[in-house]
Amino acid sequence: MFSGLYLKKGGDKCMLYAKVIPDLSLSRTDKMFDYEVPFEMISTLDIGMRVKVPFGAGNRYMEGYVVDICDKTDFDSGKIKLIAKITDKESFLSKELIELAWWMKKRYITTFSSCLNTIFPSGADIKNTVKFVFISDAEKANKYIEENSSKVKFRSAINVLKYILENGETEQSKLLKELNISLSPLKTLEKNGIICFKNGRRNYKPKYDFSPYNKHILNPKQQKIYESLCTEKSEKPNLIFGITGSGKTEIYLQYIDYVISCGKKAIVLVPEISLTPLMVERFKGRFGDKVAFTHSRMSQGERLDVWLKAKYGEVDIVIGPRSAVFMPFENLGTIIIDEEHDDSYKSEQNPKYDAIEVAIERCRQNNAKAILGSATPSVKSYYMAEKGQYNIFTLDERAGEGSLPKCEIIDMRKEIEKGNFSVVSDRLYEEISKALSEKKQIMLFINRRGASTFVSCRKCGHVMMCKRCNVSYKYHSKGNFLMCHYCGAKESVPKVCPECGSKYIKYFGAGTQKIEDEIKKLFPSARVLRMDYDTTRGKYGHAQILEAFKKRQADILIGTQMIAKGHDFHNVSLVGIMAADISLNSMDYKGAERTFELITQAAGRAGRGDGNGRVIIQTYDSENFAIKAAANHDYVSFYNQERDLRSIMGYPPFSYVFTVLSVGKNEQKPLEALNVFNDIVSKLDNGSITILGPSEAIISKIKDQFRFRLILKCNDDEYMRSICQKASDAFANLKGYSDVYINIYMNSETII
């Protein structure tokens, strides 16, 4: 903050100027503007705060970020405008995070303001404190309940006391909502000296307790990795390549213990919300209240409190998905990226950042250690290790007594030949029956939710399509409706074909709901849980399902990739992979890699306790090298073949591929805009960039917006970023395309 230091001798005022980035996602305004700091704000204003400033010729008031404060300006001080208002009570962005935003702007060809918006904590406008209710005299509380339990008019007050006695100190707003009452009974109890109020931070707690998770003795290979992490001074990122169940998490825990002992902090990134409960269970069991966690199902206020706890050093560890990489620890010691191969670490929203790249950059800025862990490292990461740009550590045996499960590939074409048209092969049926008879649990994995992939007419071939998106509806048997998984539109199932009037409507393909229905028919006495986007929408959705399965309240868990990674259920003896080849047909260069990862990760859930695990892999492409390598638990042979194929085809990591996506409501305008963008790139390029397109995007319309794409390939990443930045700036200054949105996806690995 800035105070009397900025008074001249004799009491004269010294001018202070704030450099402000306006909160506008426009290239032409994405720069620092100087504003004079009013004298009464000098002692309050700080770098990293938001302010209201008059902007432009019309002096429209808008919000901006203060990124620097100085006592000089290069402009005519008489023409510089005054800051109108300070929005925040405290600074939310440190100099380090502002520097990180600047790095992201250059790296991801976007605006400084969009990077600051991404780093800035959601819910910053919410009050930092909330009111809590607690019992001040337990003896009085119990006596009050005993004396008034039969009186109707005291029912609400008694319910309040019982709730607090059972749950402890409680947020007032939560208490009122849970019991559906007014403030009146609380005021009555306060007057009687039974309860009290206080202000404090929200404390997000799951609905279950954490058991102590004791420190394990590391085996020799784990110990060697741990010691290397503690002593190695290299600034290179560290890749831990450990098969499923090899004990990577225990290494994370013990290394973080070391980091904390050095007075530093740790961030742990996980790819799925569904993994957060497991990681938190282990970390909370080991470190208690030193751990906080965050994810998108928490309220903005709860996430803000985690941010503030990190900022003020009230916790040592934060666990969360990719956005947790921005936690404002001042003395950061390490960032651990678990399941580093996962695509969810890349943001599809502006700025399209890669959380792994951001983590590595933050570690570089803070002299901290970046640790990537996976049983199936991304081809990119393993290639970086092969070239010596990452340190690599290998764990090729399961920790403890467990061994890798035996995998069996079932060719579903042969099932059809022998008359089995079910989604469950005869072999899988046998194994499920055996596991149920042995009182073991089963996990069935299919990476597609819903009941059917598409619905069509068998007479004319018409497919039921979303009117707003150029994709087929998915059929959901629970509720009996069609749904678009892109815009969320729902429609009732037609009784006749809207095209030809035929009654021959058929459901094709399979999703989690269809698998669930089929399993319940085949095994009516089995207790079945389903875990997908539709069943986990609540704040505790993931945790409740996983906790129920862990407590053996279900025999079979059916799910999407949510169940494929990281979970540790010791009673699971069988994993069934229902459609192993879904990802092979994803129409992008990572299809084989994604298939190998998902099969390996799903298979790794079996046999983690006593006894041997079994995995049944159902596929229509039984000879595919990725499926065969996954069945043999052979990452290296998969990697070698995939690396050689990509080298021949010129795909990453041997080249860099950028996708320029153009979106607009007028069908022709986005295509015209891409042709213009193409011309700009061609004029700027020295011949190093290969340009493919423009053409329709794979999904050519979403939410009534038409989509076209341009593919750029080059061997020099920095060169292509530079050209794309110049082309983007040039295009932004053209007139006539304000209704077209141009988006650049750098090294995108998802379908566009």
Failed criterion for HIS570 (all others in (1) at pLDDT 75 or above; (2) outside any loop (DSSP other than H, G, I, E, B); (3) surrounded by fewer than 24 Cβ atoms within 10 Å (Cβ to Cβ) hold): (2)
For ASN666, all conditions in the list (1) more than 30 Å from ASP581 (Cα to Cα); (2) buried (at least 21 other Cβ atoms within 10 Å of the Cβ); (3) of a type in the set (S, T, N, Q) hold save one; what is the number of the exception? (2)
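Here is a yes/no grid of residues against (1) surrounded by 24 or more Cβ atoms within 10 Å (Cβ to Cβ); (2) without any contact (Cβ under 8 Å) to a residue 60 or more places away in the chain; (3) over 18 Å from SER374 (Cα atoms); (4) charged (D, E, K, R):
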residue: ILE217; (1), (2), (3), (4): no, yes, yes, no
residue: PRO220; (1), (2), (3), (4): no, yes, yes, no
residue: GLU232; (1), (2), (3), (4): no, no, yes, yes
residue: THR244; (1), (2), (3), (4): yes, no, no, no
residue: ILE256; (1), (2), (3), (4): yes, no, no, no
residue: GLY263; (1), (2), (3), (4): no, no, yes, no
residue: ILE267; (1), (2), (3), (4): yes, no, no, no
residue: VAL270; (1), (2), (3), (4): yes, no, no, no
Among the residues of the stretch 55-85, write down those that are over 38 Å from the mean Cα position of the chain (by Cα) and among the aromatic types (Phe, Trp, Tyr). PHE75
Which of the following residues is crowded, with 19+ Cβ neighbours inside 10 Å and touching a residue at least 60 places away in the same chain (Cβ under 8 Å): VAL657, VAL681? VAL657
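Quick one: which of LEU45, LEU26, LEU93, LEU100 is outside the structural domain of SER347 (by TED's automatic domain parsing) and surrounded by fewer than 16 Cβ atoms within 10 Å (Cβ to Cβ)?
Values: LEU45 fails: surrounded by fewer than 16 Cβ atoms within 10 Å (Cβ to Cβ); LEU93 fails: surrounded by fewer than 16 Cβ atoms within 10 Å (Cβ to Cβ); LEU100 fails: surrounded by fewer than 16 Cβ atoms within 10 Å (Cβ to Cβ).
After ruling out the rest, the residue left standing is LEU26.
Of all residues in the stretch 570-605, which are of a type in the set (D, E, K, R) and either assigned by TED's automatic domain parsing to the domain that holds ASP338 or more than 28 Å from ILE711 (Cβ to Cβ) (or both)?
Restricting attention to the stretch 570-605, the residues satisfying the condition of being of a type in the set (D, E, K, R) are 581, 588, 590, 593-594, 597, 605.
Hit for the stretch 570-605 is ARG605, nothing else.
Would you call ASN367 at negative phi, surrounded by fewer than 23 Cβ atoms within 10 Å (Cβ to Cβ) and over 13 Å from the mean Cα position of the chain (by Cα)? Steps first, answer last, please.
Numbers: at negative phi: no; surrounded by fewer than 23 Cβ atoms within 10 Å (Cβ to Cβ): yes; over 13 Å from the mean Cα position of the chain (by Cα): yes.
Considered against the rule, which asks whether it is at negative phi, surrounded by fewer than 23 Cβ atoms within 10 Å (Cβ to Cβ) and over 13 Å from the mean Cα position of the chain (by Cα), ASN367 comes out as no.
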Do any strands (runs of 3 or more DSSP E) lying entirely in the stretch 477-556 carry at least 1 residues that are modelled with pLDDT of 85 or more, surrounded by 16 or more Cβ atoms within 10 Å (Cβ to Cβ) and under 32 Å from the mean Cα position of the chain (by Cα), and which ones are they? 481-483, 528-531
Which numbered condition in (1) closer than 18 Å to GLU348 by Cα; (2) touching a helix residue (DSSP H, G or I) at 6+ places or on another chain (Cβ under 9 Å) is the only one that ILE699 fails? (2)
For the stretch 704-719, give me each residue that is polar (S, T, N, Q) and touching a residue at least 60 places away in the same chain (Cβ under 8 Å). ASN715
What are the pairs with Cβ atoms under 6 angstrom where one residue, in the stretch 74-100, is over 18 Å from ARG60 (Cβ atoms) and the other, located anywhere, is of a type in the set (A, V, I, L, M, F, W, C) and modelled with pLDDT under 90? Sequence gap at least six, or different chains. PHE92/ALA124
Might you check whether a residue that is more than 23 Å from the chain's Cα centre (by Cα), part of a loop (DSSP other than H, G, I, E, B) and under 15 Å from ASP46 (Cα atoms) occurs anywhere in the stretch 94-116? yes
Identify all residues within the stretch 118-144 that are assigned to a helix (DSSP H, G or I) and crowded, with 17+ Cβ neighbours inside 10 Å; write none if there are none. THR118, ILE119, ALA141, TYR144
So in the stretch 280-323, with the set limited to residues that are surrounded by fewer than 21 Cβ atoms within 10 Å (Cβ to Cβ) and aromatic (Phe, Trp, Tyr), which one is farthest from ILE335 (Cα to Cα)? TYR312
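Scan the helices (runs of 4 or more DSSP H) fully inside the stretch 329-437 and keep the ones with 2 or more residues being at pLDDT below 90 and touching a Gly at 6+ places or on another chain (Cβ under 6 Å). It would help to see each step written out before you state the result.
Values: elements: 355-366, 379-386, 412-417, 426-437.
In the stretch 329-437, there are no helices (runs of 4 or more DSSP H) which contain 2 or more residues that are at pLDDT below 90 and touching a Gly at 6+ places or on another chain (Cβ under 6 Å).
Which ones in the stretch 687-703 are without any contact (Cβ under 8 Å) to a residue 24 or more places away in the chain and loosely packed, with under 15 Cβ neighbours inside 10 Å?
Pass one, the stretch 687-703, residues without any contact (Cβ under 8 Å) to a residue 24 or more places away in the chain: 687, 691-693, 695-696.
Those that are without any contact (Cβ under 8 Å) to a residue 24 or more places away in the chain and loosely packed, with under 15 Cβ neighbours inside 10 Å: GLY687, LEU692, SER695.
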So, ASN447, is that one outside any helix (DSSP H, G or I), under 32 Å from the mean Cα position of the chain (by Cα), within 30 Å of ILE515 (Cα to Cα) and among the polar types (S, T, N, Q) or not? yes
Among the residues of the stretch 112-130 satisfying the criterion of being modelled with pLDDT of 90 or more and polar (S, T, N, Q), which is nearest to ALA355 (Cα to Cα)? THR118
Any residue in the stretch 427-443 that is within 16 Å of MET578 (Cα to Cα) sitting within a Cβ distance under 6 Å of a residue that is among the charged types (D, E, K, R) and assigned to a loop (DSSP other than H, G, I, E, B)? List the pairs, counting only those 6 or more apart or interchain. MET443/ARG605
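Yes or no: the stretch 731-749 includes at least one residue that is free of Cβ contacts under 8 Å to residues at least 60 places away in the same chain and in a strand (DSSP E or B).
Filtering the stretch 731-749 down to residues free of Cβ contacts under 8 Å to residues at least 60 places away in the same chain leaves 731, 734-736, 738.
Checking the rest, the ones that are also in a strand (DSSP E or B) come to none.
Checking the stretch 731-749: not a single residue is free of Cβ contacts under 8 Å to residues at least 60 places away in the same chain and in a strand (DSSP E or B).
The values are calculated or read from the model by the stated rules, or taken from the named source; none is laboratory data. Not measured: the values here are computed from a predicted model. Reconstructed Cβ throughout: ideal geometry from the backbone, glycine too, with neighbour counts over all protein chains shown.
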